[in-house]
1. Under the condition of being among the hydrophobic types (A, V, I, L, M, F, W, C) and open to solvent by 50 Å² or more (accessible area, probe 1.4 Å), which residue from region D:83-95 is nearest to D:Val181 (Cα to Cα)?
2. Please indicate, with yes or no, whether at least one residue in region B:62-72 is within 14 Å of chain E (Cβ to nearest Cβ), away from ligand 5 (no atom under 16 Å from the Cβ) and touching a residue at least 12 places away in the same chain (Cβ under 8 Å).
3. Just name the residue that is farthest from ligand 4 (Cβ to nearest atom) out of those in region E:28-49 that are within 14 Å of chain B (Cβ to nearest Cβ) and open to solvent by less than 10 Å² (accessible area, probe 1.4 Å).
4. Being hydrophobic (A, V, I, L, M, F, W, C) and either part of a strand (DSSP E or B) or more than 23 Å from the chain's Cα centre (by Cα) (or both) is the filter here; which residues of region A:52-73 pass it?
5. Look at E:Leu13 and say whether it is on the phi < 0 side of the Ramachandran plot, away from ligand 2 (no atom under 16 Å from the Cβ), crowded, with 17+ Cβ neighbours inside 10 Å and at pLDDT 95 or above.
6. Restricting attention to helices (runs of 4 or more DSSP H) lying wholly within region B:92-161, give those where 1 or more residues are aromatic (Phe, Trp, Tyr), away from ligand 5 (no atom under 16 Å from the Cβ) and closer than 16 Å to B:Leu179 by Cα.
7. Please count how many residues of region C:107-118 are within 19 Å of A:Lys216 (Cβ to Cβ) and facing chain D (nearest Cβ under 8 Å).
Amino acid sequence: QKKYDTGASDTEIKVGNIVPYSGPASSYGAIGKAMTVYFEKINKEGGVNGRKIKFISLDDGYNPAKTVEQTRKLVEQEGVLLLLSPLGSAQNSAIQKYVQQKKIPHLFVASGAAKWSDPKNSPWSIGWNPSYPVEASIYAKHILETKPNAKIAVLYQNDDFGKDYLKGFRSGLGNKVKDMIVSEASYEVTDPTMDNQIVSLKASGADTLVYFTSPKFSAQAIKKTGDIGWKPTQYLANVSIQIDSVIKPAGTDYAKGIYSVAYLKDTSDPQWQKTKEYNDWATWMKEYNPSADMAENHNVYGYSQAQLLVHVLKKAGDNLTRENIMKQAANLDTTLPMLLPGIKLKTTPDDYALIKRLQLIQFNGTVWNLTDKTYGQ
Amino acid sequence: MSKLLEIRKLDAYYGSTQVLFGLDLELDQGKITAILGANGAGKTSTLRALCQVVRTRGEIRIDGKSIIGRSTEDVVRMGVAHVPDGRGTFTALSVEENLKIGAYSRNDKAEVARDIEKTYQRFPRLKERRAQQAGTLSGGEQQMLAISRALMLHPRLLLLDEPSFGVAPLMVAEIFGILRRINLEDRVSMLLVEQNATLALDFADHAYLLETGRVVASGESKIISGDEAVRRSYLGN
Amino acid sequence: METFLLQLFSGLATGGIYALVAMALVMINQATHHINFAQGEMATFSTFIAWALINSGMSYWSAFLLTVTISFAIGVVVQRVILRPFEKAPALTNVIVFIGLMVIFNALGGWLFEQSLKTFPTPFAKDAWYASAYFSAHNVGMLGVMLAVLGSVYAFFRFTSVGLAMRAAALNPESARLVGIRVSWMLALGWGMAAAIGAVAGMMVAPIVFLDTHMMSGILLYAFAGALLGGIDNPWGAAAGGLIIGVLENLLGAYVIGTDLKLTMALVLIVGILTVKPNGLFGKVVVTRV
Amino acid sequence: MNTSFTSVFPRNVGRLGLTLGIAAGVLVLPFMVQNYVVFQLTLVMIYAIAILGLNILTGYNGQISLGHGAFYACGAYCAAILMDRFGMPFWATLPVAGGICFIFGLLLGFPALRLGGIYLALATFALAAAMPQLLKFKGFESWTGGSQGIILNKPEAPFEFSVFGVPFSQDHWLYFLSLAVLLFMFWIAANLLRGRIGRALIAIRDHPVAAAAMGINLPVFKSLTFGISAGFTGIAGAMAGITIAYVSPDSFSAFLSITFLVGVVFGGLASIPGAIFGAIFIMFVPNIADHISKSAPSAIYGIFLIGFMYLMPAGVAGILGKLVARFRGRAAGSARH
Amino acid sequence: MRKCQVVTREILLSVRDITVRFGGITALNSVSFDVPRGGVCGLIGPNGAGKTTLFNCLSRLYRYESGDILFEGNSISNLPVHRIASYGIGRTFQNLAMFRTLSVRQNIMIGAHCRSRSGFLSSALRLRRVAQEEARLMARANELLALLGLGDVAERPVSDLPFGIQKRVEFARALAADPKLILLDEPAAGLNHEELADLTETIRLVQSKLGITILLVEHHMGLVMGISDHIVVLNFGAKIAEGTPAQIQSNPDVIAAYLGAPAAAGTPVQPAQPVQPFHAGAPA
Ligand SMILES: Nc1ncnc2c1ncn2[C@@H]1O[C@H](COP(=O)(O)OP(=O)(O)OP(=O)(O)O)[C@@H](O)[C@H]1O
Ligand SMILES: Nc1ncnc2c1ncn2[C@@H]1O[C@H](COP(=O)(O)OP(=O)(O)OP(=O)(O)O)[C@@H](O)[C@H]1O
Ligand SMILES: CC(C)C[C@H](N)C(=O)O
Ligand SMILES: [Mg+2]
Ligand SMILES: [Mg+2]
């Protein structure tokens, strides 16, 4: 007994997506591109349960107002069955209410804000990124475990990405927060350099530095820290751990010893490059996305999200109602090839936090070492 | 005598409005020709057409070479200097810079410096103001500057659009004296638009009378000044 | 005290970046009387070219020279092909065209060279004798380059007749034609030179802020402010304005208001200064009379 | 701006017919298209109000603003805060937002008096660039919701009925509301600009010294114009906040201000109906560009921008004006024979 | 030549010891003179003598270093620029200062700005009195268009018009403000003989019928001498002579500095000659 909602049929499943192909965050366009070409591959191989995926990816220029318009276009005009991985916290907040009202599966939201793992208030939204507060609390925990008298300086991006981290971090430190954090500095994405902030943070006498920063600014900040001869214990947000586009520009010597957490494999890390999972990924990249940068981690991110959706659709079988899709997405227990070993994707109807375990990693001067610590359930 | 300038059947347009209609005019080497006409008759437009600042059709030859379709710059480089109506001052530049700019298409630096000195002798007022921003000069001072700037080009043909405009009586005499001397000594030909018809006809060898973009009379100045209609409208006696 | 010095010098270093871009803005303004909003993106695009050249194995200085030349050509071509039809169009139409150019260059850079962050080499050895903890070799080198560019721009406008002609052409194109100046080519030359200066700026900035498609978008605003603060008609002023803003912003951020409103405060201050001195600190007051 | 009193009978009939046709279209259209398109059309009207506001300042008065996104943001946040924190009904927020933006604009009009041309452009652009920061500022966070922004409830349609079998939806309700606001604002603008005030504004733009000599009080006129312009844009912002039902700093980046200016120039400087065309452009052209290329949609957008400017340097209004002039010229010409 | 009635007339404008300096240049050096109500007062002098500068002081565009200007007995030295028009001083500009994009009619209507009241709010709501006022301005503009023979070009944007016509538009614009005093800066420049006759007639008409006092700067001696009751001569920023046209014409200082020897050949100076009335249209 086949059951369909708008966007699904015997031959086709329509999936909507919104990423900034233009505007200040256009580098994330690579994620949309990766998903697009992954579905090309799936379609070429016969689709999902015999149905082709029609992936409609639209540009919102990172402007939440435009996200609303594009979402409505996808839902009302294109008639998509579900939304996959719209990008950005504010952008998704803008459509949060709409998707709940319209009961559209809003899957694997590309944002780490805590509100995407809140089935009570947003039963139709499931986030992808480990929530920023949770990730930040891991750093707090690690500091408390290893360096309980640390004097901490925090650099964060002045938006909800940075502030979510900061909030999680502060609560992770618990009642020691006042003693431990000696300075905080924020920056705007329009700031040309980080020099000012780093110099100020150093002046506070801190011995531990936490970067809740996006890639480009992470690179600048780590570099400046090294340049002025400051050698604190450093922690770096997961969104910025790419070796080729953050660590190498910053200087591998300056980055040595940095801690972070990971759940995806870094494709520029030699230790993975021999594995079958990497090879599958690389073959796909070469065939379907030849002009893209192999070191760009967005290509792993989009690849994995698309794979997870295929998994959900497969599980849903011929019952392609929005309700069933949501039911499947809320009852996941799986893993994906490009996830780090040991990382599981698990959801239940009362717990939408997809990636629960995170691996603490440390940069050893050439690659990220997996430490023996994982956090989470 | 060779024709320096020949204009045949010249039409000129601003956008789609035609302002000159089949104008014929010629000027001999070393001579002075005056153009008379009422407000809006097309005198300024004729001079502009010569410099290819407005859209034109027909024929204009300088030294036998057609200039229709050439750029203004090229025409100027053939030795045509223009004292435009409204003076065309480079208001934000200094007086001296304005003079230097006048000699832009020349390559003889030392000679240019000498010419600037000559200008200062002719118009001591400009010397006093040499470093002043040219836009702050009085109207008449700017007119002196415009004429001097045109002379800096060492032209063969000088187009004068109301050179006496806003100039005090004594200075008008002075300026026309200078122009006369340049005409005689350097054999510079001139096309003169001037509202002071008595003065113009006295100064020029030939004259053309324009009405709404057409030549209605032309001939030697003396003959034109005898014309009844001209006397009534332009000379007032 | 050490922190203060560090802040001061890092302000100077950042200010040097603004100053370089500001000079490109002065160049284009003197030549065309416009502010080119695409200046930053064109500079980034040039830097991408330099990056590609260096990556293909060319030595730094050859790549540098070649990039400056190519950028000059790009500037000329952009003026000749894209902007020429707009020479007589109203100023705001030109502004819109510049905005169009800005997004085009930005998108082209990302499309041809990928969006990912790139490192860009510096020609100044890290341990050169002039390097210190306060001021890295690159910072010193960059200021040197800035002074060299400044000197050339100043000399160009001050002493050459082409420089004068360029200003004249921008001020009053019609009169300029009437003295034989090829106005259209003056504009093209101005665009070429501005693009070349922009390229130098880009190549000096990239080692500090890294190269990506948005490298200049933040910088342009500050450079714009610097140029106006110092005086848009005056290369010295613009350079000084850029440096002042760099230092001001750093010191304000460090000691006065903290980092989250430093952009706002810096801009408020600049607008305040401009209200008192509407032509900038070192700008010439041009009187228009009736 | 043409206050010709020579009314020719056939032309009036033609104009009346055109007006009625447009009116009918505007009333019926929303029931012929999907709700999503109704939403887009609503946004077009909202942008048109904002662009009209900017045009009053930049097109008519010659003060270039690259910062009107800030007023739009201010209006949107006023509406959002008043609804969210003070439970004000949505319609009541419009005049308040307009008023607050008017005052805000008036205050900014004072430094603007001293700054001309690009200096003013910088000052206003700085405002636009600083706006997201201000909205995120810690001190205001309890009101603005910081970088999270504020999620609003969309106003429900107060009536239930259907037209051609299409039920009157929330989107229709907002559409007609915006239409009403649009008509009101355009009426006000036309009244202002067609008479003594409009002439004075243009006089200031064309020749400030002569304008002052004619007795026009430059400081008062310029700063009031700034205020009015900001007020228009603020009301548009409030409508946008209500319609989109979400405000956040990211929605009001500096590029938004530039977009408004694009709308003004595309529509035509100093043209009231031009604002509509400008709004259509900024609403739909990015979508077309996105449709053409995912790799570089902005390059396509840029090409469109330059291309349109090339074809219509004086904007849509300029082209229409030319066409009308030619048409009338022909009509007049044939009448004479 | 007209009889000079200076003595009996009330003083309308009084310039007292005005000094203006630009950097090192003294553009006006302690200049004083009076303009009686109702006549035409000529202001002449060589180029750069300071005539336009004086006008700019009278319309408060330039600040003067010292001295005072009294209009109807009141000092205008502290008035802002935009109050001058409503005080009753109108002007034209030597190099034109038109609102280029507007039509001739609208330019003239702007001239009446200071004689109209409707503000932002009443205009925005289109109150009845706004429409009434607009109609009044329109009627006034039509009168002036007729008076100055501009009817044909009323709807043309001024930027397309020849210089001479623009000058007339400027004159009409100044008249629209119902001034008591009009400052004319070289109104005859660029006019041919016939047009000059027109202008002369218009000035006379304005002065006699509308009772407007005129302060006239002009290098056209025929016009100045023919029409002025009283002439003030400036040179290098200082007043060098003052008197009736006849007195001025025979003043050796003025001849040396400005007029040149009347007999000298080739000079453009024309003897003052009565200009034939040409314009017949009466003002409404
Ligand atoms: N820029 C322009 N656009 C449209 N029409 C113009 C323009 N300039 C001049 N005209 C028209 O062209 C015609 C001729 O003008 P032109 O300036 O050549 O006259 P002129 O004889 O020099 O008059 P004047 O004595 O006023 O200087 C006039 O009817 C005028 O309206
Ligand atoms: N803003 C200014 N800055 C500097 N100098 C000025 C300024 N305005 C006027 N001047 C100078 O003051 C002197 C008087 O100028 P003004 O324009 O009053 O002369 P004018 O008598 O009207 O001359 P003209 O008959 O040539 O119009 C001139 O020499 C001029 O250079
Ligand atoms: C993972 C990233 C795509 C998320 C993005 N930085 C954000 O704002 O939330
Ligand atoms: Mg002329
Ligand atoms: Mg004067």
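The values are calculated or read from the model by the stated rules, or taken from the named source; none is laboratory data. Being a predicted model, the structure only gives us computed values, none of them experimental. We place every Cβ from the backbone using ideal geometry, glycine too, and count neighbours over all the protein chains shown. Note: areas computed on protein heavy atoms with side chains; ligands, DNA, RNA excluded. Shrake-Rupley method; radii C 1.70, N 1.55, O 1.52, S 1.80 Å.
1. Once the filter is applied, the top-ranked residue is D:Trp91.
2. no
3. Looking at residues that are within 14 Å of chain B (Cβ to nearest Cβ) and open to solvent by less than 10 Å² (accessible area, probe 1.4 Å), I get E:Leu28.
4. Matches in region A:52-73: A:Ile53, A:Phe55, A:Ile56, A:Leu58.
5. It is true that E:Leu13 is on the phi < 0 side of the Ramachandran plot, away from ligand 2 (no atom under 16 Å from the Cβ), crowded, with 17+ Cβ neighbours inside 10 Å and at pLDDT 95 or above.
6. Fully inside region B:92-161 and qualifying: B:109-122.
7. Matching residues across region C:107-118 total 3.
Residues checked against (1) within 16 Å of ligand 4 (Cβ to nearest atom); (2) open to solvent by 50 Å² or more (accessible area, probe 1.4 Å); (3) within 14 Å of chain E (Cβ to nearest Cβ); (4) among the β-branched types (Val, Ile, Thr):
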| residue | (1), (2), (3), (4) |
| --- | --- |
| B:Arg149 | no, no, no, no |
| B:Ala200 | yes, no, yes, no |
| B:Leu209 | yes, no, yes, no |
| B:Arg232 | no, yes, yes, no |
